[in-house]
Amino acid sequence: MNMETLIAQAGTKRDPSTGSISTPIYQNATFEHPELGASTGYDYSRTGNPTRTALEECVAKLEGGHKGFAFSSGMAAITSILFLFKPGDHIVFSDDLYGGTYRIAEEIFRRYGLEATYVDTSDIEATENAIRKNTRALFIETPTNPLMKITDLHAMNLLAKKYGLLTIVDNTFMTPYLQQPILLGADIVLHSASKYLGGHNDVIAGIVVTANEKLSEQIGKLQNGAGAILGPQDSWLVLRGLKTLAVRMERQQENALKIASWLKEQDQVKKVYYPGLPDHPQHEICKRQARGFGAMISFEVQSKESAAKLLKSVSLISFAESLGGVESLITYPTTQTHADIPQSIREERGINDRLLRLSVGIESSVDLIEDLKTALKEEVLT
Ligand SMILES: *Cc1c(COP(=O)(O)O)cnc(C)c1O
């Protein structure tokens, strides 16, 4: 079945007893057993809940994986994945990484002896050089956040196979509609479903999809053991949002290309980072491994002051953290999403105080450009 169909039918017709089209919300903690040794398949909602199962099975199918697991947030999903490792293990992370992932690796897991190195995973040689004897996994974001660097997933999976490592991909920015890392050889895919999967800036959720039975068992044990599960209401909200993922993504990336191309023409804009622009350094790799370029754009203005003025002047676009929803949001990575990365490291990676990150929504691109045009103009006048 085609991806668009699977998406539109997310969680439908799962209750033959009523014929309900939408998955019911099983707001329930525990399940009655018919007799000793018999079960309906559900015992207790931390271990499993039918509404959550509907979401988990749907996302696993979309990613082409073995099993899906829904967590209370993207960070809960990442935490559970990092619990797969033991003291003394080492993980190579993409250097231009979601700030929360960096924070948990440095401030929490390092205390438990999990070692981390950050490299530019768009550079295959540099990634290979970062691999040590105790390296157990590559943890990749592509495109990266916020500089939109693309990592060649096929090359990373070959590298991982060569050294016996797991490949973990944070697929939040692309979604399975545009990119399916497991089909390119990855072992684990994760999402902050608070972003595109949910799609409406109204729910916090995380997803893990595993590629094989062994990993499914391990993640399942961690999900049930640590217990950071997604509740039935929120599972339903993600399923509800998911149904329009294909049309949202199409519209959002169409808008994003128009806006990125327009930004490039503006004198007040020094740099534009968007993989869909033909002069993006990894444009061709992105084209090869994904069905589109997504709807996240970063751009650099003249100075910190110009960035501050723009954030104050936008009116349609909201100055707010997060991304992926139908409403366009603009963020300032330096003090928002990436504040926990030390300034010197941030600067070195290009996340400077002139950088802005735009999550393009489904509004009219004409109105969005008008909003940016006015904000950039006010910046010159004042
Ligand atoms: C937001 C985000 C996360 C964290 O997810 P939460 O749902 O906020 O916990 C992880 N990775 C990426 C790429 C994100 O954008």
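The values are calculated or read from the model by the stated rules, or taken from the named source; none is laboratory data. Just so you know, these numbers come straight off a predicted model, no measurement behind them. No Cβ is skipped: glycine too gets one built from the backbone with ideal geometry, and neighbour counts run over all protein chains shown.
Some points to look at:
- Long-range neighbours under 8 Å by Cβ, at least six apart or interchain, first residue in the same structural domain as residue 147 (by TED's automatic domain parsing) within region 352-368, second aliphatic (A, V, I, L, M): none
- Failed condition for residue 230, given (1) modelled with pLDDT of 95 or more; (2) within 16 Å of the ligand (Cβ to nearest atom); (3) over 27 Å from residue 9 (Cα atoms): (3)
- Residue match in region 366-373 (condition: surrounded by 15 or more Cβ atoms within 10 Å (Cβ to Cβ), within 30 Å of residue 204 (Cα to Cα) and within 16 Å of the ligand (Cβ to nearest atom)): no
- Hey, residue 138 in the same structural domain as residue 205 (by TED's automatic domain parsing), in contact with a Lys or Arg (Cβ under 8 Å, 6 or more places away or on another chain) and either part of a helix (DSSP H, G or I) or away from the ligand (no atom under 11 Å from the Cβ) (or both) or not: no
- Single unsatisfied condition, residue 299 versus (1) over 21 Å from residue 123 (Cβ atoms); (2) part of a loop (DSSP other than H, G, I, E, B): (2)
- Residues of region 348-374 that turn out to be among the hydrophobic types (A, V, I, L, M, F, W, C), under 24 Å from the mean Cα position of the chain (by Cα) and closer than 14 Å to residue 315 by Cβ, as a count: 1
- Of all residues in region 183-197 being crowded, with 24+ Cβ neighbours inside 10 Å and more than 15 Å from residue 69 (Cα to Cα), the one that is farthest from the ligand (Cβ to nearest atom): 186
- Matching option when the condition is away from the ligand (no atom under 16 Å from the Cβ), modelled with pLDDT under 95, more than 20 Å from residue 202 (Cα to Cα) and loosely packed, with under 15 Cβ neighbours inside 10 Å, among 347, 284: 347
- Some residue of region 266-277 being surrounded by 15 or more Cβ atoms within 10 Å (Cβ to Cβ), in the same structural domain as residue 291 (by TED's automatic domain parsing), in a helix (DSSP H, G or I) and in contact with a Leu (Cβ under 8 Å, 6 or more places away or on another chain): no
- Positions within region 219-228 being part of a helix (DSSP H, G or I) and touching a strand residue (DSSP E or B) at 6+ places or on another chain (Cβ under 8 Å), in sequence order: 219, 220, 223
- Scope region 20-64; condition surrounded by fewer than 13 Cβ atoms within 10 Å (Cβ to Cβ), free of Cβ contacts under 8 Å to residues at least 24 places away in the same chain and more than 30 Å from residue 2 (Cβ to Cβ); matching residues: 29, 30, 32, 33, 34, 35, 36, 37, 38, 39, 40, 44
- Flag if residue 68 is in contact (Cβ under 8 Å) with a residue 60 or more places away in the chain, in the same structural domain as residue 195 (by TED's automatic domain parsing) and closer than 23 Å to residue 349 by Cα: no
- Cross-chain or 6+ apart pairs with Cβ under 6 Å, region 171-195 first and outside the structural domain of residue 325 (by TED's automatic domain parsing), then near the ligand (Cβ under 10 Å from one of its atoms) and charged (D, E, K, R): 172/195; 190/170
- Residue in region 151-162 that is part of a helix (DSSP H, G or I), more than 15 Å from the chain's Cα centre (by Cα), within 16 Å of the ligand (Cβ to nearest atom) and over 19 Å from residue 101 (Cα atoms) present: yes
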